[in-house]
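Inspection log for the structure reproduced underneath, given as C-alpha cells.
The values are calculated or read from the model by the stated rules, or taken from the named source; none is laboratory data. Everything quoted here is computed from the prediction, not taken from an experiment. Please note: Cβ atoms are built from the backbone with ideal geometry, for glycine as well, and neighbour counts cover all protein chains shown.
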Amino acid sequence: MNTTPTDATDEPQAVTLTLNDRRQAFNRAYQSAQGFGIMSAPSIPPLFVPGALILGNGTDIGINRNLVQSGTGLLLEAQAYPGMQAGDVIEIFLHPQSLITPPIPAKTATLGIGREGLDIALYVPQQRVEEGMLYLYCRVTRAGTHEVEESPWLSVWCKLSLPAGPDLKPDEPWHSALNAPQVMQLVDEQTLGEFVQVTIEPYLGMAAGDTLRLHIGLEQQDYPVREQDIGQTMTVHVPAEVLRSAGDSDGLALYYRVIDPLNNVSEKASARTFVQVSLGSKGLDAPFVFDNDAPQVLDTRSLGNADVPLSVKVDLPDFQPGDELEVVGIGMGALGQRVEIRPARQVIGQVGKAYLFMLPNPQVQRLARGLLMVGYTQRRGNVEVGQSLHRYIDVLGPAPELPEPVLVEARNGTLDPALPRCTVAISYPSMSPGDWVELFFYGYTGAGYAYAWTLERSVSRNDALRQQITFSIGAEHLSALDGGAVQPRYQVSNDSLPSPLESLHGWVQVGELLAELAPPEVPAAGDDGTLAQADTRGGVDVIVAANPCITPGSVVTVKWLGDTALGTCEGVAEARVYKVPQAVAQASVGHSVEVTYTVRNPDDGRLRLSLPFQLRIIADEPVVLRAPVVLDVDGAVLDPTFLPSGVRLQAAYQGMLAGDEVVLRLTGKQAYNAPAVRVEPFRPVVISVPAKVLLGNAGELIQVTFSVAREGQPSRVSPALNLQVRNALGIVLSPLELNGLSIKVEGWKATSAVSVGNTATRVASGGVPPYTYASNNPTVATVNAAGLVTGNRNGTAVISATDLRGTQVSYPVRVSNVYRLLHNWGPVNHHQAVAWMNSLGNAEPCSGRAVTDLQRVYGRTLVTGGYWHFWLCEKNGCGGSGFAFYHATNHAIHCADYFNTNIHAAWCIQRT
C-alpha cells in the first residue's frame with residue numbers, strides 16, 4: 001500500500017458523503033416538491049433508489065442503465081417506517097404508468113426478526129425493470145392486523161437503452177451508427193472567422209434533451225439537441241478560440257459522443273474527421289509513431305508489453321546542436337479520461353538524424369478505443385523557439401478497466417467482522433485532485449439479506465500525490481455482514497467524463513460462513529468414514545448432491561481440509577462429481593480430513609457452505625519422501641520471463657505430520673536455501689524460490705530437494721527434482737542505422753557481395769529457439785532467417801524476433817543513402833546528360849563511389865548494352881574541359897570532352 005509522500009501539502013479534510021446523506025437529500029427534495037410538512041408526511045415513506053437522478057416537472061426520479069446491474073437488478077430501499085415489526089410483508093411495485101390491469105409485485109419480502117427500524121435494501125430483478133415512464137411504490141401488510149398501507153407513488157423515467165443504439169461493428173474504434181462530423185478541410189487565417197461551422201447528421205433514437213459532446217482534438221464543446229433538431233442535420237458553431245486552443249495540425253481530429261438526459265452515453269464515439277489547421281507560424285513537422293500499421297491508427301493488441309517508439313526528424317536549418325526536444329503526448333480514453341505522457345527530454349547532438357522517444361506501454365494501453373495527440377517543443381538555451389504540428393492517432397484495442405478496490409484488513413479473501421473499522425484503499429491511473437470517487441459497499445448478510453452502504457468524496461491534493469484515496473468502513477457495517485459477503489466497487493467521475501468510470505469488483509467473505517447445505521459424499525469411503533490409502537490412487541471422487549440453490553451458472557468449489565494437506569477443485573453447476581488430486585489425498589494419509597463445498601450464486605454472488613464430511617485416510621505404506629513438485633509450470637523447464645514473482649514448489653510426502661520441519665534447497669550456479677517451514681494443520685507446505693535466484697541460474701541446470709526433520713528421528717532428504725532454467729529472450733534493442741551508399745538496379749543480377757553499410761546482422765538469444773525474424777515494412781528493410789537486415793529503400797521499419805513460445809522483442813531500423821540507377825540510352829552529349837538528370841528530381845551524378853558500389857554488388861563488368869559508354873553527369877576529377885564517363889570495355893571511369901561522339905548514353909542516380 002502506498003504511504004504518504006514527504007512533500008504532502010496541508011489541506012482541509014475532504015467532506016465524505018454517506019448513503020444516509022443521499023437518502024436525506026432525496027427525502028428533502030421529495031417533500032419540497034410535494035409540499036409535505038412535518039405533520040403531513042406519509043406514514044410509509046417513499047422508496048429510495050441509491051444513485052437515481054432527482055428530476056422535476058412532474059417526474060420524481062430517473063433510472064439509467066448503470067443502476068440496473070446484470071444478475072442482481074435494481075437496488076432500492078424501503079425506508080424505515082413507524083410501527084415496523086417482524087412479519088410485516090413488503091411488496092415492491094414497479095410498472096408502466098399506462099398499466100390498466102392489476103399490477104403484480106416486482107419483489108416481495110417478509111421483515112425478519114431484528115430488522116425493525118432499519119432501512120431495508122432489496123433488489124428488483126433485472127427482467128422486471130422496464131424502460132419508459134413508470135410508477136414505483138411499496139405496499140406494507142402489517143403483521144397481526146393485516147392492515148395494508150402504501151407509500152407515495154414515485155413517477156419514474158427509466159431509460160436502459162444507450163443513445164444511438166447498439167454498435168454493430170464492435171471491432172471498429174467508432175460507433176457504426178454515428179457518422180463523422182463534417183467541416184471544411186482546411187482552416188487557416190483566411191478561412192477562419194469568428195467560428196467554424198460543423199455539421200452533424202441525425203442518429204438513431206435522437207431525442208430532445210440529448211447532449212452532443214463534440215471533441216475538437218482534446219478540446220470539447222456541448223450542443224443541446226432541441227425539438228426542432230429531431231431528424232435534421234445539426235449545425236454546431238465552434239468558436240475560433242477553441243480551434244486556436246486545439247493547436248495546429250496536419251490532421252486535427254473531430255468526433256462526438258451522445259449523452260441522453262439520464263446520463264446514458266453512446267456505446268462509442270462517432271467516426272473521426274481529420275482537418276488541417278494552420279493558424280500560427282509554420283510549425284515543425286509532426287513526430288512519427290513507428291508502430292501504427294495505417295496512418296493515424298495504433299492497435300494496442302499488437303503491442304504486447306512493448307513501448308511505442310516515436311521519432312523526431314532533426315534537420316538544418318531549423319535545428320542546431322545543443323537544442324533540446326521535449327515530446328508531449330496527451331490522450332483521451334474510451335470514456336473521456338485524460339492521460340498525459342512525457343518521455344525524458346533529449347539534447348540534439350547531431351543534426352540530420354532522427355531522435356527516438358519511447359511512449360510507455362501502460363499509459364498507451366489506457367488510451368485503447370480513444371485518441372492520442374503527440375507533438376514536441378524545441379528549446380534553445382531553455383527558451384522555446386519552435387513548436388511542432390500535432391499528430392492525432394486513433395488507438396484501437398480493448399478498453400481498460402479500473403482496478404478493484406483493496407480491503408486492507410482482509411486476509412486470504414476474508415474480513416474479520418469484529419474489527420473496529422475497515423480501510424478501503426482505491427488506486428487508479430491518473431488520479432487527479434477534484435475527481436469524485438463513490439465507493440459502493442454492497443453485499444449480503446449471513447441470513448441472506450441484501451446490504452448497501454456508500455461513501456463518496458473528492459480526491460484531495462494529497463490523495464493525488466500518493467495516487468491513493470481511502471475510505472473507512474465502520475464496525476456497524478462489518479458486524480451487520482457477519483457470515484455474509486461484500487462486493488466493494490467504486491465509480492470515478494469528473495468534468496471531462498461524460499459518465500462515471502466503473503471499477504472491477506470481486507467478492508470478499510465477512511467472518512465465517514454458516515453451514516447450511518447437505519454434506520458431500522465420498523463413495524470410496526466406508527460407513528465409518530475411513531478411506532484406504534490404496535483408494536486414493538488416481539484421486540478421490542467427491543459427489544455433491546442436487547440442491548435448489550445450485551442453479552445453472554453456479555460455481556461449486558469442493559474443499560479438502562486436512563492436517564497436512566489442503567486442496568480445492570472447482571466446477572460448474574452441471575457437474576456433480578469432483579476429483580481431488582492424488583497428491584493432495586495421499587499427503588493426508590494417516591490423518592483426518594474435512595470435505596466441504598461452497599456454492600456461489602451467479603446472479604447475486606451469494607456464497608453458501610455445506611456441512612462437512614469427516615474422513616480419515618488409513619496408511620498402507622511407510623513414510624516415503626518424493627521429489628518436490630513445481631506448482632506454477634508444467635514440465636521441467638523454468639522461464640524467468642513468465643515467472644516474475646519466482647516459482648512455488650510443494651513438498652508433499654506420505655506420512656506428513658504437523659510439526660515436521662521442511663527445508664528446501666536449490667543447487668546450481670546460484671545456490672539457495674529457503675527458510676525452514678514447520679508443517680501446520682490445514683496448511684500445505686509450499687515454498688517459493690525468488691525470481692532473482694532463477695535469474696542467477698539462467699541457462700543452467702538446477703537441482704531442488706527438501707529435507708524433513710522430525711523430533712527424535714534423523715533428518716531425511718527427498719529425491720532431487722532436476723529443472724532447466726532458460727535464458728530470457730533478448731536482442732540488441734538500440735536503433736539500427738543502415739546509412740551506407742547502396743545503388744539498386746532493377747533487372748541486374750547481383751553477386752553475393754552487398755553494399756558497404758547497407759546490411760547488418762542482429763541475432764536473438766535466450767528464450768526458446770528457433771527464432772523467426774520479421775520486418776513490419778519490407779519495402780524499406782528485409783530480414784532473413786539468420787537475422788541479416790538489408791536496406792531496400794530510404795525510410796524506417798521495425799524488426800522483430802520471435803521465439804517458439806511466441807515471446808517477441810523488436811528494434812527500430814532507419815535506412816538512408818539508398819539510390820536507384822537511371823539509364824538514358826541517348827544519344828546525348830555531356831550537357832544533354834546533365835540537363836536530363838536535372839529534370840528528374842532527387843537525382844544526382846553517378847559518382848565514383850556509386851560506380852564502385854555497383855561493381856561490388858553486380859560485378860566488375862556492368863551491363864552497358866555491349867558497347868555503350870555512359871556519361872556520369874559530373875567531372876569526377878577530370879581537368880580542363882573533360883567530364884567523367886564509364887568506359888564499356890575497360891570497365892573503368894575515364895575523362896572526355898563534352899562533345900565526344902563515342903559516348904552515347906548517360907547514368908545518374910535517384911534517391912528512393
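For the stretch 874-892, what are the residues that are outside any loop (DSSP other than H, G, I, E, B) and buried (at least 19 other Cβ atoms within 10 Å of the Cβ)? Walk me through it before giving the result.
Here is the first cut: in the stretch 874-892, the ones outside any loop (DSSP other than H, G, I, E, B) are 882-887, 892.
Result: Phe883, Ala884, Phe885, Tyr886.
Being assigned to a strand (DSSP E or B) and within 23 Å of Arg23 (Cα to Cα) is a property that Arg139 has. Screening the candidates Ala368, Ala334, Ala410 for the property of being within 30 Å of Ser493 (Cα to Cα) and either acidic (Asp, Glu) or in the same structural domain as Gln491 (by TED's automatic domain parsing) (or both) yields one hit, Ala410. Of the candidates Pro224, Pro181, Pro261, Pro173, the single residue that is farther than 19 Å from Gly280 by Cα, touching a strand residue (DSSP E or B) at 6+ places or on another chain (Cβ under 8 Å), loosely packed, with under 14 Cβ neighbours inside 10 Å and touching a residue at least 12 places away in the same chain (Cβ under 8 Å) is Pro224. Can you find even one residue in the stretch 811-827 that is part of a strand (DSSP E or B) and of a type in the set (D, E, K, R)? Within the stretch 811-827, one or more residues are part of a strand (DSSP E or B) and of a type in the set (D, E, K, R).
Looking at the stretch 821-831, can you tell me whether even one residue there is free of Cβ contacts under 8 Å to residues at least 24 places away in the same chain and closer than 26 Å to Asn792 by Cα? No.
Table: residues versus (1) within 30 Å of Pro548 (Cβ to Cβ); (2) in contact (Cβ under 8 Å) with a residue 60 or more places away in the chain; (3) in contact with a Gly (Cβ under 8 Å, 6 or more places away or on another chain); (4) outside the structural domain of Pro548 (by TED's automatic domain parsing).
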position	(1), (2), (3), (4)
Leu465	no, yes, no, yes
Glu476	no, no, no, yes
Arg489	yes, yes, no, yes
Gly506	yes, yes, no, yes
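One residue stands out among those in the stretch 110-126 that are touching an Asp or Glu at 6+ places or on another chain (Cβ under 8 Å) and assigned to a strand (DSSP E or B): the one that is surrounded by the fewest Cβ atoms within 10 Å (Cβ to Cβ), which is Thr110. Restricted to the stretch 603-651, the set of strands (runs of 3 or more DSSP E) holding at least 3 residues that are modelled with pLDDT under 90 and under 30 Å from Val717 (Cα atoms) comprises 613-618. For the stretch 801-809, check the following and say yes or no: at least one residue is outside the structural domain of Cys873 (by TED's automatic domain parsing), part of a strand (DSSP E or B), over 25 Å from the mean Cα position of the chain (by Cα) and among the aliphatic types (A, V, I, L, M). No, every residue in the stretch 801-809 fails to be outside the structural domain of Cys873 (by TED's automatic domain parsing), part of a strand (DSSP E or B), over 25 Å from the mean Cα position of the chain (by Cα) and among the aliphatic types (A, V, I, L, M). Taking the criterion of being under 17 Å from His215 (Cα atoms) and of a type in the set (Lys, Arg), the residues of the stretch 324-369 that qualify are Arg338, Arg369. Only one entry of Arg379, Arg301 meets the criterion of being in a helix (DSSP H, G or I), among the basic types (Lys, Arg) and either in contact with a strand residue (DSSP E or B) (Cβ under 9 Å, 6 or more places away or on another chain) or free of Cβ contacts under 8 Å to residues at least 60 places away in the same chain (or both), and that entry is Arg301.
Annotation note: Cβ proximity below 9 Å between a residue of the stretch 310-327 that is in the same structural domain as Asp285 (by TED's automatic domain parsing) and a residue that is polar (S, T, N, Q) and modelled with pLDDT under 90 (sequence gap 6+ or interchain) occurs for Glu324/Asn382. Within the stretch 228-244, residues that are outside the structural domain of Val183 (by TED's automatic domain parsing) and of a type in the set (Val, Ile, Thr) reach no partner that is part of a helix (DSSP H, G or I) and surrounded by 13 or more Cβ atoms within 10 Å (Cβ to Cβ) with beta carbons closer than 8 Å at six or more positions or on different chains. As for the stretch 236-255, it holds no residue that is modelled with pLDDT of 90 or more, under 30 Å from Gly56 (Cβ atoms) and crowded, with 21+ Cβ neighbours inside 10 Å. Taking (1) within 24 Å of Ala306 (Cβ to Cβ); (2) surrounded by fewer than 16 Cβ atoms within 10 Å (Cβ to Cβ); (3) modelled with pLDDT of 95 or more in turn, Val813 satisfies each apart from (2). Reported count of residues in the stretch 738-794, each being among the small types (Gly, Ala, Ser), under 30 Å from Asp639 (Cβ atoms) and outside any strand (DSSP E or B), is 6. Here Lys669 fulfils each of the conditions (1) modelled with pLDDT of 90 or more; (2) over 29 Å from Val809 (Cβ atoms); (3) among the charged types (D, E, K, R); (4) in a loop (DSSP other than H, G, I, E, B) apart from (2).
Would you say Lys669 is of a type in the set (D, E, K, R) and touching a helix residue (DSSP H, G or I) at 6+ places or on another chain (Cβ under 9 Å)? For Lys669, the condition - of a type in the set (D, E, K, R) and touching a helix residue (DSSP H, G or I) at 6+ places or on another chain (Cβ under 9 Å) - is met. (1) hydrophobic (A, V, I, L, M, F, W, C); (2) modelled with pLDDT under 95; (3) surrounded by 15 or more Cβ atoms within 10 Å (Cβ to Cβ): which one isn't true of Val129, the others all being true? Unmet condition: (2).
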